[in-house]
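All of the numbers you see were taken from the coordinates with simple rules; none came from a lab. Please read these numbers as outputs of a predicted model, since none were measured by experiment. Backbone-built Cβ (ideal geometry, glycine too); neighbour counts: all protein chains shown.
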Amino acid sequence: MRKYFFLSVIGFCTGCYYDNMEELHPNFATVCDTTSVTISYHTDIIPILTSGCGIGDNACHNTGNSASNIGLETYTSVKAQVTPNNFFLKSIVHDPSTSAMPKGGGKLDECSIMKIESWINHGYLNN
Amino acid sequence: MKLKNIFFLLLFMDCSQIKAQDLLSLIDSVPVPQKEFTAATFKTTRLVDQHTLETVGRNTLDFRISHRFGSLNSGSLNAWGIDGPVDIRLGLEYSPDGRFMFGIGRTSLEKVVDGFLKFRLLRQTTSGSMPLSVTLFAGAYRIALKDNNKASQGYDKYKPETNRWSYAYEIMIGRKFTPSFSFQVAPWFVHYNLVEKITDKNDAYGVACVTRLKFTKRMAITFEYAYRINDYSQTKYYDSMGIGWEIETGGHVFQVHFINSFGLVENQFFAHTDTKWNNAGIRLGFNVSRVFTL
């Protein structure tokens, strides 16, 4: 039994890699530049909402979806989730006072969260 | 004369053979003292989140349900975390000989599927000839999430497959000091194949301790802490700490506890605990264990 244990551990070790997103995908850092670039609602935020937050055909956050009851399809509806309590950001950073989003999965990627945070901090404009 | 000598020689040999047989049977009848191992240093294979040095018994299957609620500081509207979000792990764990153990499980947070191996290298004896127990642990974890941002960012975070994997190792050293008090210390090491930033390290390590204090025949108070040694990320993480109450009822063991970690497997709670005790970032949780002898 001891032999099998040690052989299995050696098997575990052979699967080890030392990777990070910034080196694997060099555009990861530039795409995520939220300090020198103004984040645009139309260019940056809508694609994140479409791919990560369920807006589009029959998706969770379409207006009128009874499961979520929160629409995120229009600028006005997104803004309503930012003011006054900023539930929008709190839910995607998994703040315990809100329901963690996306539902049942992990967080959005770091870059998307940073973009949304930057957009909100700069006045959540319809730009 | 010669014949007489041979006769006596044969008689003597025969008698000596009888004597030798008597001595051998006498030795066989003397009980050889058996090495007796200290039983139940901990009641089950987990304390709160962490593994204990225990393995399940020979040919025993352990079905485990672990559950964590949302954090207490989510307020009364969220029933102090009871409304969620919740994290659940279902696990099946088995030992063929009571010493080597393996198990699989599935955790809802990050949709992690895990497998682990455990081996009791040394076992404490009641005579004191072995004062400590030492158990080796190795676990592998696969995140089964989909990359929701694949289309917008132009790549899949989880390609190649190895990006999904992380591993954990522990050496658990412990002792049952009295029938009601046990303590274990365990150096731990976690490896992540993929981390986010270039400044993040793929390896995290530290030292964990778990302890159990029995106060009735069937109940105990438990405590665990996992200290992180190296600076592996700029993201703010905290040491995992849990306090629990353990109740044994026949084949079941119930564990109810408060802990700041939301994750239920080693790659989550050792290095990625992101809430802390001092602003009530703790949560109610429970483990249920049911063993079946096969």
Does at least one position in the stretch B:187-207 carry a residue that is small (G, A, S), under 18 Å from B:D49 (Cα atoms) and within 16 Å of the chain's Cα centre (by Cα)?
-> no
Options B:A220, B:A204; residue that is surrounded by 19 or more Cβ atoms within 10 Å (Cβ to Cβ), within 14 Å of chain A (Cβ to nearest Cβ), aliphatic (A, V, I, L, M) and touching a strand residue (DSSP E or B) at 6+ places or on another chain (Cβ under 6 Å) = B:A204
Candidates B:N230, B:N193 - the one that is within 14 Å of another protein chain (Cβ to nearest Cβ) and not aliphatic (A, V, I, L, M) | B:N193
Over the stretch B:254-294, the set of residues in contact with a helix residue (DSSP H, G or I) (Cβ under 7 Å, 6 or more places away or on another chain) and not in a loop (DSSP other than H, G, I, E, B) is B:Q268, B:N279, B:R283, B:L284
Report the residue count in the stretch B:97-110 for those that are more than 11 Å from chain A (Cβ to nearest Cβ) and surrounded by 15 or more Cβ atoms within 10 Å (Cβ to Cβ).
-> 4
Determine, yes or no, whether B:G98 is touching a Gly at 6+ places or on another chain (Cβ under 8 Å), in contact (Cβ under 8 Å) with a residue 24 or more places away in the chain and assigned to a loop (DSSP other than H, G, I, E, B).
-> yes
Would you tally the residues in the stretch B:171-215 being of a type in the set (S, T, Y), touching a Phe, Trp or Tyr at 6+ places or on another chain (Cβ under 8 Å) and over 18 Å from B:V265 (Cβ atoms)?
-> 3
(1) within 11 Å of another protein chain (Cβ to nearest Cβ); (2) among the aromatic types (F, W, Y); (3) in a strand (DSSP E or B) all hold for B:W188 apart from (1)
Candidates B:T199, B:T235, B:T249 - the one that is within 14 Å of chain A (Cβ to nearest Cβ), touching a residue at least 12 places away in the same chain (Cβ under 8 Å), over 23 Å from B:S71 (Cβ atoms) and loosely packed, with under 15 Cβ neighbours inside 10 Å | B:T199
Of the residues that sit in the stretch B:73-83 and are surrounded by fewer than 16 Cβ atoms within 10 Å (Cβ to Cβ) and of a type outside the set (A, V, I, L, M), which one is nearest to the other protein chains (Cβ to nearest Cβ)?
-> B:G75
Can you give me the number of residues within the stretch B:242-294 that are more than 19 Å from B:K43 (Cβ to Cβ) and of a type outside the set (G, A, S)?
-> 20
Out of the residues in the stretch A:79-119 that are farther than 22 Å from A:T38 by Cβ, surrounded by 15 or more Cβ atoms within 10 Å (Cβ to Cβ) and among the polar types (S, T, N, Q), which is farthest from the other protein chains (Cβ to nearest Cβ)?
-> A:S91
Look through B:Y158, B:Y94 and report the one residue that is in contact with a helix residue (DSSP H, G or I) (Cβ under 6 Å, 6 or more places away or on another chain), more than 10 Å from chain A (Cβ to nearest Cβ) and not acidic (D, E).
-> B:Y158
